[in-house]
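Report on the structure given below.
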Amino acid sequence: MLNRKNAYLLMVLVTIVLIVYVIYANFVFDTRATGFLSRKMELKKALNIAVWLKVMHVHVAFACLAMIAGAINFSSWIFKKYRRFHRLNGYLYVVSVMIVDLTSGYMAPYATGGKISSVAFNLLNILWLLMTIMAIVKIRRKHVDQHRKWMIRSYAFVFTNFSIHLLTSFFHKGFGLSYANSYTISIYSSIILLLLVGEMVIRTWPKARI
Ligand code: HEM
């Protein structure tokens, strides 16, 4: 069983690897998202690729910021020593979540897999925002333990993109489903999976002494 410090370091490591990968994939390797866009078939709405790409890059940049700000704020050392920084950084996380949600709202109608996928993305948008707002409401009422739980639930969703791609490969390559169907199933599966991951972490993560 991992102790609190090692569990935190492992989470930071996974987050750093993901951020480096996401930045490399979207800002260096395939800046025009050709691989991803080539899978979009039979879109009902015409896609303005230039605008979509700009929005997607803002989406990715703020997603990375949310990952960094969130990971830093789970450090109990920073929480104990630098409360003011924890608070400011927490608001940076909230603003980043809002921007990821807003940009997601623009991209959702063009989602791979069509309307069923966009419904799932919009559901995800609402859920993620609600969980993040709950974390803020709880701390404003000085309910530290509840704040921690809602932040864990919210933070699990920074792994949305990773989870969707992992599950899409699983259904597409493993079960031979079409890419679009695999993608749609993966969005719904990711919502369930990430909710479960949040609950599992809440139950198993060793608590800090405050
Ligand atoms: C926080 C971590 C996240 C990262 C790093 C991230 C990254 C990305 C990237 C790179 C894309 C472009 C397509 C691809 O290569 O997958 C994308 C698309 C998209 N993301 Fe995110 N995302 C994150 C979270 C979210 C969340 C939480 C939502 C919903 C609330 C969301 C909604 C969308 C939508 C709707 C698209 C367009 C999908 C499509 O066109 O089929 N993302 N995201």
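Return yes or no: is residue 135 farther than 28 Å from residue 46 by Cβ and in contact (Cβ under 8 Å) with a residue 12 or more places away in the chain? Here the answer is yes, as residue 135 does meet what is asked. Filtering 3, 73 for residues that are over 27 Å from residue 115 (Cα atoms), out of contact with any Lys or Arg (no Cβ under 6 Å at 6 or more places or on another chain), touching a residue at least 60 places away in the same chain (Cβ under 8 Å) and surrounded by fewer than 12 Cβ atoms within 10 Å (Cβ to Cβ) leaves a single hit, 3.
Residue-level analysis places residue 53 among those that are within 11 Å of the ligand (Cβ to nearest atom), outside any loop (DSSP other than H, G, I, E, B), farther than 24 Å from residue 156 by Cβ and not β-branched (Val, Ile, Thr). With respect to residue 6, is the statement that it is away from the ligand (no atom under 12 Å from the Cβ), under 19 Å from the mean Cα position of the chain (by Cα) and among the polar types (S, T, N, Q) true? So residue 6 does not fit the description; no.
Within the range 153-169, not a single residue is surrounded by fewer than 20 Cβ atoms within 10 Å (Cβ to Cβ), charged (D, E, K, R) and either within 10 Å of the ligand (Cβ to nearest atom) or part of a helix (DSSP H, G or I) (or both). Filter the range 70-125 down to the residues that are assigned to a loop (DSSP other than H, G, I, E, B) and more than 8 Å from the ligand (Cβ to nearest atom), then identify the one that is farthest from residue 38 (Cα to Cα). Ranking the qualifying residues of the range 70-125, first place goes to 82.
Every number in this text was worked out from the coordinates using simple rules, so none of it is lab data. Model, not experiment: these values are computed from the prediction. Positions of Cβ are backbone-derived with ideal geometry, glycine not excepted, and every protein chain shown enters the neighbour counts.
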